[in-house]
Amino acid sequence: MICNVPKLTVTTWNSMQVVLVGPTYRRYLEKTLEAIKRKEIASIIGQPGMGKTTILKKAQAQSSGMTFFLDLSSRNDIEEEFWDKVDRTKIREIVRSSLNSKKAKLGYNFLKRIMGIKFESWLSQACGKYEEVDLRLYCLDYQRNFDGVLRFISDLKNFTDVNLMIDEVRDSHIPKIHRLINSGLGIPVIMAIPTDSYSKVTDLAIRRRLDESRISLDSMLTAEDIREIVDVYCHNLVEEFFPIVLSLWNGGELNTVSSILQYMKSQVESFQKECGEDLECVRERIKSSHSLNDPEGKSRDLEKQIRDLIASEAKELGITYVHSRGKRVEANGKSLVVGIFFLRGEEAFLGEVKLMNDDREEDEEVSLLSEVKFVEHERRKCNVSGRFVITNSSRLNVGNHIRKIEITTLEAVRVLHGDSEILREVIRPIFEGTLDEDRPAENLASPEAGEKV
């Protein structure tokens, strides 16, 4: 198996194996365990798929005493879920020793024993006849409502530590959660609350209690967390997937742990249709689909996409002319072809795309671009008002007279594959502070062949 991403990427309350990876998650788990140790109230806030349930399940596994794990995702009433989770056998085991020590008080004597009446049978008959806490627990003599839940927990904590973990708390559950918190039971209550449900809590008193020990999972992953998640679930392809996933996370396309896992799973399954279980084949397909094999050619392709987009929105941008191909210009006695040339009235704007696979810091064409003072168009000179370079290199020097617009290699690849939203974000900085949106646009002119400065 190339990757080990589960079919269901969201942990459920009955998951047999729970994986918690990443230093941030381990830190939050320790914070949760500390809240349990101190018998505090804690809330874990986050979108579905961010690991709320995973933290709860790991905390449950490492907690002592009796933990009730309530999954409210399909429940309207907390008490219904709670009583379904009460294990009568375990409760009886907890109080058995206490009941054995008070047999006589409960009416079980020597005569009953020699008559062959077992103590357990006698206890069942004694239910409701004695006001003993341990007998009440043994018999589960409680009303099956919320008040009964509170009384049951109050009794049980006399015999063992009680932890309450509540998953998928919705705003409809909050009033009873508030009652539970204010009941004075003195037990730890750890709640996982989806972000949208938390945002609907308007009662300031409840919000204050939820915020006392809040863990917020939204957008909290670090690069180290993401790498470890990728490594655990897809170790064979961690070097290929990590930079891609990190870029998608930083760009907001992936925003939950679940979405990261689902993305890797879909990518591998797609390439396995061609490669089967050939790991090297899958690795090469991932590389080729997210890398620049021909940076110069891809730069020209991206320039064309930018020209086409600017031309399609020229009127809205106040642009009067867009050259449909590279424009030959001269500076310091040398000529170069600038990939992007457009006019706004008599003001000229020049730009180039420099996609790179190396770490060079200087580029001759970029240096020449900074020296271009004017452009000849239709036998008239137009002063250059703006120069820009779009590049995936953070090391490339562009000087003080050129606006540098940085994009990631993955963003460039995605634009080249047709992602128009990223393309719009790429060109947006070109016009920031340079175009007067109130000035009326003129009609686009047709480019003339062989134009030179």
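The values are calculated or read from the model by the stated rules, or taken from the named source; none is laboratory data. In this text, all values refer to a predicted model and were calculated from it rather than measured experimentally. Methodologically, a virtual Cβ is constructed for each residue, glycine included, from the backbone with ideal geometry; neighbour enumeration extends over all protein chains shown. Only protein heavy atoms, including side chains, enter the accessible area calculation; ligands, DNA and RNA are left aside. Shrake-Rupley method; radii C 1.70, N 1.55, O 1.52, S 1.80 Å.
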Legend entry - Label-to-label distance, nm, for residues given as residue 308 and residue 102 (7 Å Cα→Cβ offset): 8.3
Inset, instruction - Using only Cα atoms, tell me the angle between helix 238-250 and the longest principal axis of the chain; keep it within 0 to 90° and round to the nearest 10. - result: 80
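Under the 0.36 nm per residue contour assumption, what length would be gained going from the current alpha-carbon distance of residue 417 and residue 334 to full extension? Don't skip to the end; give the middle numbers.
Values: separation 83, 0.36 × 83 = 29.88 nm, distance 3.44 nm.
Extending this stretch completely gives an extra 26.4 nm.
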Legend entry - the chain - mean residue ellipticity at 222 nm from DSSP helices (-39,500 (n - 2.57) per run, n ≥ 4, rounded to 500): -13000 deg cm²/dmol
Legend entry - Charge dipole of the stretch 362-428 about the Cα centre (unit charges at C-beta), most positive-ward option of 413, 400, 367: 400
Inset, instruction - Report, by chain and number, residues whose modeled amide H sits under 5 Å from the one on residue 166, excluding near sequence neighbours (fewer than 5 apart, same chain). - result: 70, 190, 191, 192
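Round to the nearest 0.05 the FRET efficiency obtained for residue 40 and residue 170 when R0 = 22 Å and r is the Cβ-Cβ distance. Let's see the in-between values first.
Numbers: r = 22 Å, r/R0 = 1.01.
Step by step, r from the Cβ atoms, then E = 0.50.
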Inset, instruction - Leaving ligands, DNA and RNA out of it, report the carbon-plus-sulfur percent of the accessible area of the chain at a 1.4 Å probe. - result: 45
Inset, instruction - Please give the helix 295-312 orientation as an angle from the longest Cα principal axis of the chain, in degrees from 0 to 90, rounded to the nearest 10. - result: 90
Legend entry - Debye, to nearest 20: dipole size of the stretch 231-317, +1 on Lys, Arg Cβ, -1 on Asp, Glu Cβ: 220
Inset, instruction - Compute the distance in nm between two label points, each set 7 Å from the Cα along the Cα-to-Cβ direction, one at residue 212 and one at residue 294. - result: 6.5
Inset, instruction - Compute the length gained on full extension between residue 370 and residue 358: take 0.36 nm times their separation in residues and subtract their Cα-Cα distance, giving the result in nm to one decimal. - result: 2.1 nm
Legend entry - the stretch 154-227 and the stretch 27-49: distance between their alpha carbon centers, rounded to Å: 8
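Leaving out ligands and nucleic acids, and using a 1.4 Å probe, what accessible area per residue does the chain come to in Å²? List each step's numbers first, then the result.
Values: 22800 Å² over 453 residues.
Ligands and nucleic acids excluded, the figure is 50 Å² per residue.
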Inset, instruction - Heavy atoms only, probe 1.4 angstrom, no DNA, RNA or ligands counted: give me 200, 31 ranked by accessible area, highest first. - result: 200, 31
Inset, instruction - For helix 279-289, report the angle its Cα long axis makes with the longest principal axis of the Cα atoms of the chain; keep it between 0 and 90° and round to the nearest 10°. - result: 50
Inset, instruction - Give the distance, in whole Å, between the Cα centre of the stretch 364-396 and the Cα centre of the stretch 281-360. - result: 12
Legend entry - Exposure of residue 3 as accessible area (Å², to 10), given a probe of 1.4 Å and all protein chains: 20
Inset, instruction - Could you pull out which residues in the stretch 171-204 have an amide N less than 15 Å from a spot 7 Å beyond the Cα of residue 154, following the Cα-Cβ vector? - result: 179-187
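Using the Cα centre of the chain as the reference point, and only Cβ charges (+1 on K/R, -1 on D/E), how large is the resulting charge dipole? Debye, rounded to the nearest 20.
Details: 66 positive and 73 negative charges, 556 e Å.
Result for the chain is approximately 2680 debye, rounded to the nearest 20.
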Inset, instruction - Mind checking which aspartates and glutamates have their Cα closer than 20 Å to the Cα of residue 273? Skip sequence neighbours fewer than 8 apart in that chain. - result: 240, 284
Legend entry - Separation in nanometres of the label points that stand 7 Å from Cα toward Cβ, at residue 379 and residue 279: 7.0
Inset, instruction - Answer with a single label: of (1) 121, 53, 31; (2) 69, 52, 42; (3) 107, 54, 51, which was calculated as Cα extents along the principal axes in Å from the structure in view? - result: (1)
Legend entry - Segments 292-305, 344-357 sorted - mean Cβ within 10 Å per residue, highest first: 344-357, 292-305
Inset, instruction - Report the charge-dipole magnitude of the stretch 172-287 in Debye, nearest 20, computed about the Cα centre from +1 at each Lys and Arg Cβ and -1 at each Asp and Glu Cβ. - result: 920
Legend entry - Segment residue 133-residue 266, extension gain: residue separation times 0.36 nm, minus the distance between their alpha carbons: 42.4 nm
Legend entry - Lys/Arg +1, Asp/Glu -1 at C-beta; the chain dipole; positive extreme among 291, 422, 59: 59
